[in-house]
Amino acid sequence: MAPDWKVTNDILEEKTDEELSSYPNRIADSMSDRSILITGGTGFLGKVLLEKILRSCPKVAKIYLLVRSKKGKDPNQRIKELFTSPVSSGVLKMTALGEDGEGFQ
């Protein structure tokens, strides 16, 4: 039997942001102190996934991006474009600089 999404949505709509933030973040907790490998990280879904992990899982130990050459661009160029493009979120741009301003490793 399929879940009743209307009931689920009604329950969530009744909660305030403060109430929702009090729930445990099981995904972030499960990724704490872990390393993650992302393939396809420069594509649309990869960018969304990477941004979501950076924003909501601050305790991830490392994120590895497997990037291939494509359309005459080497992986380093593609990663630089990923983090500096105008459509990249603020989280990706801050990550590209790093806390020390030295840049992405």
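The values are calculated or read from the model by the stated rules, or taken from the named source; none is laboratory data. Please read these numbers as outputs of a predicted model, since none were measured by experiment. A quick note on method: Cβ atoms are made from the backbone with ideal geometry, for glycine too, and the neighbour counts reach across all protein chains shown. Just the protein is used for accessible areas: all its heavy atoms, side chains included, with ligands, DNA and RNA removed. Shrake-Rupley method; radii C 1.70, N 1.55, O 1.52, S 1.80 Å.
Worth a mention:
- Greater than 20 Å apart at Cα, pairs in Lys15/Lys52; Lys47/Lys70; Lys47/Lys71: Lys15/Lys52
- In terms of its C-alpha gyration tensor, segment 25-88 comes out prolate, because a/c is 1.5 or above and the ratio a/b outweighs b/c.
- Accessible area per residue in Å² at 1.4 Å probe, computed on segment 25-88: 73 Å²
- Relative contact order (%) - criterion: Cα under 8 Å, at least six apart; region: segment 22-79: 40 percent
- As a fraction of the 1.4 Å probe accessible area of segment 51-90, surface on carbon and sulfur atoms comes out at 54 percent.
- Theoretical FRET efficiency, 1/(1+(r/R0)^6), r = Cβ-Cβ of Arg68 and Arg26, R0 35 Å, to 0.05: 0.60
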